[in-house]
Every structure is written in C-alpha cells, then in structure tokens.
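Engineer: Following this message is one structure expressed as structure tokens.
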Amino acid sequence: MAKVFNEHPVSLIHGKIQKNASGYFYVTPLGKQKFRARREDYQQKRSPKQLWHTASFVWAHQQIRLVWDDPEQVAQITQEWKDAMRRTPDGKLYIDAKGWKFACLQLQWKTEHPYEQWYENYLQQIAEKADEKTSAESVSDYMLRHQAEILEAQAAALRTQLKERHPNDDQ
C-alpha cells in the first residue's frame, strides 16, 4: 500500500483514475489518502459463501444510508458505540460509529439469514433457473447436457438406494 501525499486536501481523489489503472485511491476515516493495487478478476468466480457475505454487505449498505440521514439516529448510534466501548458483538474494535454500525448491521443480517438456510434457497433458485432455461424454446446444448448429468446422478443415487434395500436382487 503506497502513501500518497496531496498538497491540496480539498481535491482528494477517490476511486480509479483510468479504466486501465492497476488500483484505486481511497481516503481513510482519519482523512489520509492512500492507493491500493488490486486485480480486477475477483468478481468473475464467486463461491456461495462469498455471495452470502456480499448479500449481507449490500443489505447493510442500504440500511446505513437510511439511518445516517437522520441526525437524531446518528447521535443515538454514536452513544451506543461509546457504550459498547467501540466493539461489535463479535469483539472487533472500530474507530468510528458508522463503521461500527455497519458491522453490526452485517452481523444482524447474517444471524437472520443463517448460511445453511440461505444456501438451500440459493440452490433452489439455481435449479429453478435451470428448469426455466431447459423448458424455453431456445435451449442451449450446455443446459441440456447439464440437466442430463443431474438426472443421471439422481438415477444412480436411486439405484444404490435400491441395492442397499435389496442386496440379493440382480435388477
């Protein structure tokens, strides 16, 4: 991480300067401007766990925008932050009330939507999308092969179940 010194703090740079830039500029809560380099391929392949974390992040962002518009709620949250000694329920320390509230909102979403139940719903949505795509008029070869593989795996599982119930049966 590089330290960037700017003579004109009024014109702090946020984000990428060009679309081909290797990283982005950001400003810390203490007002220091920094630059972080990162690869741009992080969004291409995402695990279900990453999608679950992203869903909590999106929800917390929506809620923090609503809460932070009201000065009375900001004062109340700041007092709660001080009363909690700047720590979230999972023990992490935050230097500002907004970051603390954001982390608390993420934890709230994650407790309301446990990963196992969310993952079952996620798999159900994927199955429904696959069914929609295979029942459409213009079905891709990939989707047909994928559905065939799923059905073959289900048939194999049923055959093994049947063999376990009737081990002496040859059919």
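Engineer: Among (1) closer than 25 Å to Asp69 by Cβ; (2) charged (D, E, K, R); (3) modelled with pLDDT of 90 or more, where does Glu120 come up short?
Structural biologist: (1)
Engineer: To continue, here is another question. Output the residues belonging to segment 70-99 that are small (Gly, Ala, Ser) and open to solvent by 80 Å² or more (accessible area, probe 1.4 Å).
Structural biologist: none
Engineer: Additional query: Please go through (1) open to solvent by less than 60 Å² (accessible area, probe 1.4 Å); (2) under 30 Å from Ser56 (Cα atoms); (3) part of a helix (DSSP H, G or I) for Gln124 and return the number of the only condition it doesn't satisfy.
Structural biologist: The number of the failed condition is (1).
Engineer: With the condition kept exactly as written, say whether any residue in segment 46-69 is in a loop (DSSP other than H, G, I, E, B), open to solvent by less than 90 Å² (accessible area, probe 1.4 Å) and modelled with pLDDT under 85.
Structural biologist: Yes; the residues of segment 46-69 include at least one that is in a loop (DSSP other than H, G, I, E, B), open to solvent by less than 90 Å² (accessible area, probe 1.4 Å) and modelled with pLDDT under 85.
Engineer: For Phe102, state whether it is open to solvent by less than 40 Å² (accessible area, probe 1.4 Å) and not charged (D, E, K, R).
Structural biologist: When the stated conditions are applied, Phe102 passes them.
Engineer: Tally up the residues in segment 77-102 that are without any contact (Cβ under 8 Å) to a residue 24 or more places away in the chain and in a helix (DSSP H, G or I), please.
Structural biologist: The number of residues fulfilling the criteria is 8.
Engineer: Against the conditions (1) surrounded by 10 or more Cβ atoms within 10 Å (Cβ to Cβ); (2) farther than 28 Å from Pro48 by Cα; (3) of a type outside the set (Asp, Glu); (4) modelled with pLDDT under 90, where does Ala148 fall short? Just the number, please.
Structural biologist: (2)
Engineer: Take the conditions under 17 Å from Ala103 (Cβ atoms) and over 16 Å from the mean Cα position of the chain (by Cα) and apply them to Val27. Does it pass?
Structural biologist: no
Engineer: Just checking, does segment 127-143 include any residue being open to solvent by less than 100 Å² (accessible area, probe 1.4 Å), part of a helix (DSSP H, G or I), within 24 Å of Ala60 (Cα to Cα) and out of contact with any His (no Cβ under 9 Å at 6 or more places or on another chain)?
Structural biologist: Checking segment 127-143: not a single residue is open to solvent by less than 100 Å² (accessible area, probe 1.4 Å), part of a helix (DSSP H, G or I), within 24 Å of Ala60 (Cα to Cα) and out of contact with any His (no Cβ under 9 Å at 6 or more places or on another chain).
Engineer: So Thr78 clears everything in (1) closer than 29 Å to Ser47 by Cβ; (2) hydroxyl-bearing (Ser, Thr, Tyr); (3) at pLDDT 85 or above except one condition, right? Which one?
Structural biologist: Thr78 satisfies all of (1) closer than 29 Å to Ser47 by Cβ; (2) hydroxyl-bearing (Ser, Thr, Tyr); (3) at pLDDT 85 or above except (1).
The values are calculated or read from the model by the stated rules, or taken from the named source; none is laboratory data. Given the structure is predicted, the values throughout are model-derived calculations rather than measurements. As a convention, Cβ positions derive from the backbone with ideal geometry for all residues, glycine included, and neighbour counts pool all protein chains shown. Only protein heavy atoms, including side chains, enter the accessible area calculation; ligands, DNA and RNA are left aside. Shrake-Rupley method; radii C 1.70, N 1.55, O 1.52, S 1.80 Å.
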